[in-house]
Amino acid sequence: MNNDHLKVWDACLKVIKDNLPLQAFKTWFEPIVPVRLDNYAMTLQVPSHFFYEWLEENYIDLLRKVIKKELGAEGRLEYSIVMENNTTKSTPYTVKLPALNKKSLKNQPVNMPLNISENQIRNPFIIPGLKKVNVESNLNPAYSFENFVEGDCNRLARASGYAVANKPGGTAFNPLLIYGGVGLGKTHLAHSIGIAIKNQFPNKTVLYVGSEKFAHQFIDAIKNNTTADFIHFYQMIDVLIMDDVQFFAGKEKTQDVFFHIFNHLHQNGKQIILTSDKPPVEMQGMEQRLLSRFKWGLSADLSTPDLETRIAILEKKMYGNGIELPSDVVEYLAYSINTNIREMEGALTSLLAQASLNKKSISLDLARQMVDKFVKNTAREVSIEYIQKVVSDYFDLPVEMLKSKTRKREVVQARQISMYFSKRMTKSSLANIGAHCGGKDHATVLHACRTVMNLSETDKQFRGYLEDLEKKLTLQ
Ligand code: ADP
Ligand code: MG
């Protein structure tokens, strides 16, 4: 009785598998865990909200059919979302938060003129002379939470952004500082928070501004003798999103004015969201007092997404654009561009443009040419992950095997070949290659490379494998 859900789901999977391309089945159905069956309601555990949405958007008809087939007309489907239980409930954060230090705030002089009524303030975003203060949030609707794919690389940042969006100014995450390398989603996430706040609290004044723009506005204000207006305008905002604060480095005056605005907002319970390409400890040329403010709330980082997340991001973007790509193309993009999401998207866009301009179909070859042409520096460097994928496909082995410790003959050979190509074609160290290939040490990798070279000299069939693989890997 207790195993009913397993049996039923197994039966469902059989039908689903027959009706889907293998890759789609692997991507979207293998990760599902059936958890229970109560009263004709089957509960499926899925890894993320996005996953659930994807199933509902793309496979609901198929799911409905198989559930009805197995459970009869009353059959129903429910989902349990693993990650979300961990991240969006009350206090899931394991990060220590520094206590809010209101006392020291009070000691900071905020010596700004306070006797101008709001409708006289000049809005630095609009043409001078216009009286009405009408704050345009500058938010890009495409950068919503819905479009922001969750992964290990962004879980804390996303969850804290979510918390802030639900209670702007009312959490310990003030300021919320999101930091991470180029193209990893800081701007996107910052917009998501702003959009979610606007949706839930339409009366709040939300403002997104890039630090560079802020600095220019400030310089203009000095020129035009309107700094008081400038400061007042910013002090009026309920939710201030300041993107790329690292730009303030070395700009003392701008830091100074931002410091006062920051204090005013913070003291008044207004939410501040900052992004930066570095964590506060590494921000040079930033005044100490400002840095210490940045550390008051929560600093959350965005790191490089893993392969699954990269694929999910690509799928999301494709879905958003209403397009479909062969899964080998998507995988190729995700495998070969592994540091910067913006570049990955850029390659996707160029690919679509190329394909539609030249009326070519989007093939793996076209994808390779595109990546070669448009992706900085990655031109000839393939990743270990990609090599493993090509090699395991070639020998028709699951790629996990290469990463495992299995000592089966065929696997050992494929693994050694992957190590050999990784050494030749990537800049990875022997130790790093070993770590990717079943946790081997550098000596094992070296040994593998020698074995492969020896075999290629003595064994004709083996040499054939290497030549085939080399062709596949060197993109022609
Ligand atoms: P940053 O500001 O860190 O340089 P962006 O926010 O501009 O990076 O992100 C670069 C691109 O990558 C954007 O188009 C963004 O939509 C996309 N992107 C980044 N992270 C994600 C994610 N988790 N899900 C979906 N798209 C993402
Ligand atoms: Mg940015």
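The values are calculated or read from the model by the stated rules, or taken from the named source; none is laboratory data. Keep in mind it's a predicted model, so treat the numbers as computed, not measured. Heads up, the Cβs are rebuilt from the backbone with ideal geometry, glycines too, and the neighbour counts pull from every protein chain shown. SASA here: full protein model, heavy atoms, side chains in, ligands and nucleic acids out. Shrake-Rupley method; radii C 1.70, N 1.55, O 1.52, S 1.80 Å.
Touching a helix residue (DSSP H, G or I) at 6+ places or on another chain (Cβ under 9 Å), among the basic types (Lys, Arg) and over 14 Å from residue 384 (Cβ atoms): does that describe residue 463?
Yes, satisfied.
On the basis of being more than 16 Å from ligand 2 (Cβ to nearest atom) and surrounded by fewer than 17 Cβ atoms within 10 Å (Cβ to Cβ), does residue 288 make the cut?
Details: more than 16 Å from ligand 2 (Cβ to nearest atom): yes; surrounded by fewer than 17 Cβ atoms within 10 Å (Cβ to Cβ): yes.
It is true that residue 288 is more than 16 Å from ligand 2 (Cβ to nearest atom) and surrounded by fewer than 17 Cβ atoms within 10 Å (Cβ to Cβ).
For the subset of region 193-226 comprising residues that are over 18 Å from residue 237 (Cβ atoms) and not charged (D, E, K, R), which member is nearest to ligand 1 (Cβ to nearest atom)?
Step by step, filter region 193-226, then rank; the result is 219.
Residue-by-condition table, conditions (1) open to solvent by 10 Å² or more (accessible area, probe 1.4 Å); (2) touching a Cys at 6+ places or on another chain (Cβ under 9 Å); (3) assigned to a helix (DSSP H, G or I); (4) small (Gly, Ala, Ser):
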site	(1), (2), (3), (4)
160	no, no, yes, yes
165	no, no, yes, yes
169	yes, no, no, yes
178	no, no, no, no
182	yes, no, no, no
194	no, no, yes, yes
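Read through the list (1) touching an Asp or Glu at 6+ places or on another chain (Cβ under 6 Å); (2) crowded, with 21+ Cβ neighbours inside 10 Å, then give the number of the only condition that residue 247 fails.
(2)
Whether any residue in region 230-239 is within 16 Å of ligand 2 (Cβ to nearest atom), at pLDDT 95 or above and outside any helix (DSSP H, G or I) is what I want to check.
No, region 230-239 contains no residue that is within 16 Å of ligand 2 (Cβ to nearest atom), at pLDDT 95 or above and outside any helix (DSSP H, G or I).
Looking at 383, 428, can you tell me which residue is touching a Phe, Trp or Tyr at 6+ places or on another chain (Cβ under 7 Å) and either in the same structural domain as residue 330 (by TED's automatic domain parsing) or modelled with pLDDT under 85 (or both)? Give the derivation first.
Working: 428 fails: touching a Phe, Trp or Tyr at 6+ places or on another chain (Cβ under 7 Å).
The conditions single out 383.
Let me spell it out: the conditions are (1) in a helix (DSSP H, G or I); (2) over 28 Å from the mean Cα position of the chain (by Cα), and residue 203 meets all of them except one. Which number is the exception?
All conditions are met except number (1).
In this structure, does residue 62 turn out to be modelled with pLDDT under 85, under 19 Å from residue 327 (Cβ atoms) and in contact with a Leu (Cβ under 8 Å, 6 or more places away or on another chain)?
no
Go through region 418-461 and count every residue that is open to solvent by 40 Å² or more (accessible area, probe 1.4 Å) and more than 34 Å from the chain's Cα centre (by Cα).
Qualifying residue count for the region: 13.
For the subset of region 250-282 comprising residues that are in contact with a helix residue (DSSP H, G or I) (Cβ under 7 Å, 6 or more places away or on another chain) and of a type in the set (A, V, I, L, M), which member is surrounded by the most Cβ atoms within 10 Å (Cβ to Cβ)?
Per the stated criteria, the residue is 273.
Would it be correct to say that residue 227 is open to solvent by 20 Å² or more (accessible area, probe 1.4 Å) and either touching a helix residue (DSSP H, G or I) at 6+ places or on another chain (Cβ under 8 Å) or more than 21 Å from residue 172 (Cα to Cα) (or both)?
Numbers: open to solvent by 20 Å² or more (accessible area, probe 1.4 Å): yes; either touching a helix residue (DSSP H, G or I) at 6+ places or on another chain (Cβ under 8 Å) or more than 21 Å from residue 172 (Cα to Cα) (or both): yes.
The answer is yes for residue 227.
Kindly indicate whether any position in region 301-314 is open to solvent by 50 Å² or more (accessible area, probe 1.4 Å), modelled with pLDDT of 85 or more and touching a Phe, Trp or Tyr at 6+ places or on another chain (Cβ under 7 Å).
Among the residues of region 301-314, at least one is open to solvent by 50 Å² or more (accessible area, probe 1.4 Å), modelled with pLDDT of 85 or more and touching a Phe, Trp or Tyr at 6+ places or on another chain (Cβ under 7 Å), which makes the answer yes.
Would you say residue 360 is free of Cβ contacts under 8 Å to residues at least 24 places away in the same chain, touching a helix residue (DSSP H, G or I) at 6+ places or on another chain (Cβ under 7 Å), surrounded by fewer than 20 Cβ atoms within 10 Å (Cβ to Cβ) and over 26 Å from residue 143 (Cβ atoms)? Full working, then the answer.
Details: free of Cβ contacts under 8 Å to residues at least 24 places away in the same chain: yes; touching a helix residue (DSSP H, G or I) at 6+ places or on another chain (Cβ under 7 Å): yes; surrounded by fewer than 20 Cβ atoms within 10 Å (Cβ to Cβ): yes; over 26 Å from residue 143 (Cβ atoms): yes.
Judged against the criteria, residue 360 is a match.
What are the pairs with Cβ atoms under 9 angstrom where one residue, in region 446-466, is under 13 Å from residue 413 (Cβ atoms) and the other, located anywhere, is of a type in the set (Asp, Glu) and surrounded by 14 or more Cβ atoms within 10 Å (Cβ to Cβ)? Sequence gap at least six, or different chains.
none
Are any residues in region 322-346 outside any loop (DSSP other than H, G, I, E, B) and within 19 Å of residue 472 (Cβ to Cβ), and if so, which ones?
Once the filter is applied, which keeps residues that are outside any loop (DSSP other than H, G, I, E, B) and within 19 Å of residue 472 (Cβ to Cβ), region 322-346 yields 327, 328, 329, 330, 331, 332, 333, 334, 335, 336.
Just to verify a result, which residue in region 317-327, among those that are under 19 Å from residue 20 (Cβ atoms) and in contact (Cβ under 8 Å) with a residue 40 or more places away in the chain, is most open to solvent (accessible area, probe 1.4 Å)?
Selected residue: 319.
Give the residues of region 324-347 that are within 21 Å of residue 26 (Cα to Cα) and either assigned by TED's automatic domain parsing to the domain that holds residue 187 or β-branched (Val, Ile, Thr) (or both), sorted by residue number.
Keep residues of region 324-347 that are within 21 Å of residue 26 (Cα to Cα), which gives 324-336.
Of everything in region 324-347, those that are within 21 Å of residue 26 (Cα to Cα) and either assigned by TED's automatic domain parsing to the domain that holds residue 187 or β-branched (Val, Ile, Thr) (or both) turn out to be 329, 330.
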